[in-house]
1. Report those helices (runs of 4 or more DSSP H) wholly inside region 1-106 carrying at least 3 residues which are modelled with pLDDT of 95 or more and surrounded by 12 or more Cβ atoms within 10 Å (Cβ to Cβ).
2. Which residues, taken from region 94-130, are under 15 Å from residue 82 (Cβ atoms) and in contact with a strand residue (DSSP E or B) (Cβ under 7 Å, 6 or more places away or on another chain)?
3. Of all helices (runs of 4 or more DSSP H) completely enclosed by region 115-210, which ones contain at least 1 residues that are charged (D, E, K, R) and open to solvent by 50 Å² or more (accessible area, probe 1.4 Å)?
4. Among (1) polar (S, T, N, Q); (2) closer than 17 Å to residue 16 by Cβ; (3) without any contact (Cβ under 8 Å) to a residue 12 or more places away in the chain, there is one condition residue 87 misses while meeting the rest; what is its number?
5. I'd like the residue in region 214-230 that is in a helix (DSSP H, G or I) and over 48 Å from the mean Cα position of the chain (by Cα) and, out of all such residues, is surrounded by the fewest Cβ atoms within 10 Å (Cβ to Cβ).
6. Would you be able to tell me the number of residues in region 33-47 that are touching a helix residue (DSSP H, G or I) at 6+ places or on another chain (Cβ under 8 Å) and over 14 Å from residue 98 (Cα atoms)?
7. For residues in region 231-245 being open to solvent by less than 70 Å² (accessible area, probe 1.4 Å) and either of a type outside the set (A, V, I, L, M, F, W, C) or at pLDDT 95 or above (or both), which is farthest from residue 203 (Cα to Cα)?
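The values are calculated or read from the model by the stated rules, or taken from the named source; none is laboratory data. As the structure is a prediction and not an experimental result, all values here were calculated from the model. Backbone-built Cβ (ideal geometry, glycine too); neighbour counts: all protein chains shown. Ligands, DNA and RNA are excluded from the accessible area calculation, which covers all protein heavy atoms including side chains. Shrake-Rupley method; radii C 1.70, N 1.55, O 1.52, S 1.80 Å.
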Amino acid sequence: MAMGLLRGPDFVVEWANPRMGQIWGRPVAQVQGRPHFEALPDLAGQGFEQVFADVLTTGRTRTFQERLVRIGQDPQSCHGYFNITYQPVYDGPQRITGILAYAVEVTEQVRVRQQVEQLNQELETRVQERTRAALALQADLLVAAQHQADQRALLYQIFEQTPAVVALLRGPGHRFEYVNPAYQAIFPGCQLVGLDAAEVVPELAAQGFVALLDRAYQTGETYYGQELPFTPQPAPGEVPRTGYY
């Protein structure tokens, strides 16, 4: 702990320990016996004049936590943080004759805390930026999903209303995923969705259509057929009828 004793209205440095001299950046002997702000002009203008005057006139102890102090003359000046106490010194019960100063340097602790706070702020800023980016991406994805859903709904309405026969089949077994009313009408009373084409409509395989599906599925090439005949299995008691597609 740095300690010093200042006397009188000019705050003459009566005594200081070596640690105070280290903080002042001067040998104590160079400062001792001289008015504080005359011997240490670099400490002037930082508010200490008023603090000293308040302690000397009111008798109230003044305490500062992590007070920033500029020490030294430019260009050798430096900044430090200190916990400081200025306590009145009495000569008799009522007469204040000086100030006893205590100071503990906490520069390293303050700078470490400031670095941690800065890192936390940077981290918080990054988190906020990533959160905003994630929210923006989520919003874009929701818009895209809604657009896709709207398109699927529109296609569904078109498929449901068109007189063309439409079916969607999945996988190498050509499982029916969707059939529109026109397609279902070819196979009345037959549950198609969820079953493989060759299993539920064996005549598709027998008449070569499953082979065409295999080729399109395996090669990725679109097949176009013109006026292809297809004869669905007739209901009991009915005559087979061939259609062209």
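1. On the way: elements: 18-24, 28-31, 36-39, 48-58.
By residue number, 48-58.
2. 101, 102, 103, 104, 105, 106, 107, 110
3. Working: elements: 181-184, 197-200, 202-206.
Once the helices (runs of 4 or more DSSP H) in region 115-210 are filtered for at least 1 residues that are charged (D, E, K, R) and open to solvent by 50 Å² or more (accessible area, probe 1.4 Å), what remains is 197-200.
4. That leaves (3) as the condition not met.
5. At the first step, the residues of region 214-230 found to be in a helix (DSSP H, G or I) are 214-219.
If we keep only those that are over 48 Å from the mean Cα position of the chain (by Cα) too, we end up with 214-215.
Numbers: 214: 15, 215: 12.
Here the residue is 215.
6. Step one: of region 33-47, the residues touching a helix residue (DSSP H, G or I) at 6+ places or on another chain (Cβ under 8 Å) are 36-37, 39-40, 43-44.
Right, trim to over 14 Å from residue 98 (Cα atoms) and you get 37, 39-40, 43-44.
Qualifying residue count, region 33-47: 5.
7. Of all residues in region 231-245, those open to solvent by less than 70 Å² (accessible area, probe 1.4 Å) come to 231-232, 234-235, 243.
With the extra rule that they be either of a type outside the set (A, V, I, L, M, F, W, C) or at pLDDT 95 or above (or both), the set shrinks to 231-232, 234, 243.
On the way: 231: 8, 232: 7, 234: 11, 243: 13 Å.
Within region 231-245, the match that is farthest from residue 203 (Cα to Cα) is 243.
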